[in-house]
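Shown next, in structure tokens, is the structure this report addresses.
Each value in this text was obtained by applying a stated rule to the coordinates, not by laboratory testing. Only a predicted model underlies this, so the values are computations on that prediction, with no experimental measurement involved.
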Amino acid sequence: EPDGGPAPSTPLPPARSPRCRHETWAAGTQPDAAHNGTYRHQTWDQSDGLDNDEPDDEMMVEIASVQRHLEAMNAAAADLNAAQEALNKRVKQRRSLIQTWAVGSARLASAVGSGHLTKAMPYYERRRRCQAARERVENISRQFMAATEAGAPEAEVATLAAEHARQLAQFQAAQREMSRFAASASCPSMLASVAPYFDAEDEHREQLAEFDAAVQVLGRHTKAAKARYHSALRSLESLSEQAHRLRADASSRSAGGPASPELRSGGDVPPPESPAAPPAALSPPLVLSRRPSLRGDVRAASKRSSINADDRPATSTATSSHARGDASAFPESQRWKKERRSSRSESGSSEQPHP
């Protein structure tokens, strides 16, 4: 006890002690200078160093975890909504682009003539293949240069060199085939007249490829946002189920009460005591299942079942008549009376048994 003050009511663990927050004086006990500290008592800070802080800390941790999962779920929902909105916008633009090209291509075809388009189609198909081969060669050339400058392993550099040689051979073959078909064309001016149509078609294909790439990227963003949203939702559901289980366990422990010493020590559980038998009623009717063979037994039974006339309580006429009327409902009592009369005649006893 510091300075003679009262100790805190809560038992303190040996390794942790509370902190004295402030000091107060009891009402009307302000000491003088000579007795300073005699009546002083302290208010203990029960929130420091005591075990009752642990549930609060656990609750704060749970609240912080729930808040974190809620923020993650809200952020994922916002990203999901933005990605879906952008995806829907791109899909609409792609659909509009296709519809616009359908109208424009019909006008161009009618302007240059459908017959010329049919004749020039093989040449422009070969030109497209040659252009695609050129792009592949340029792409693999950039990869080869980057690997060489970065000091990549020799095996990787050799693989890129072999791929570059293969793509270059395909481009050269496509270029020779296109040149041979252009030389065999009957009317080179016809190929030049339909060039605007195929140039517009190439531009339309490039735009369509850009839209397709954007749709794929937005689709991946949407899938990732959905995964993050469902992950946060499952975490919240897991926390909720854990809280319900803890609450149910606490309720079951509080309802069950403390265990008995035998259960705590692991001993055998004593059998429950049988309830005490209720006291017998005064002067019950005696029922004999057999004829008594001894005269003493008959007399003892007669004395136990009889009541003296002086000790019998007074009853009204209605009660007596009611008792006489109910006597017929007890055949065992009538038989017992007959047995007593026969016993009395045999023994010659002058004692009158009371019915």
Cα convex hull volume per residue for the range 69-234, in Å³, equals 160 Å³
Diffing the range 167-172: the Karplus 3J(HN,Hα) column from phi (6.51, -1.76, 1.60, θ = phi - 60°), in whole Hz with x for Gly and Pro, holds 5, 5, 5, 5, 5, 5
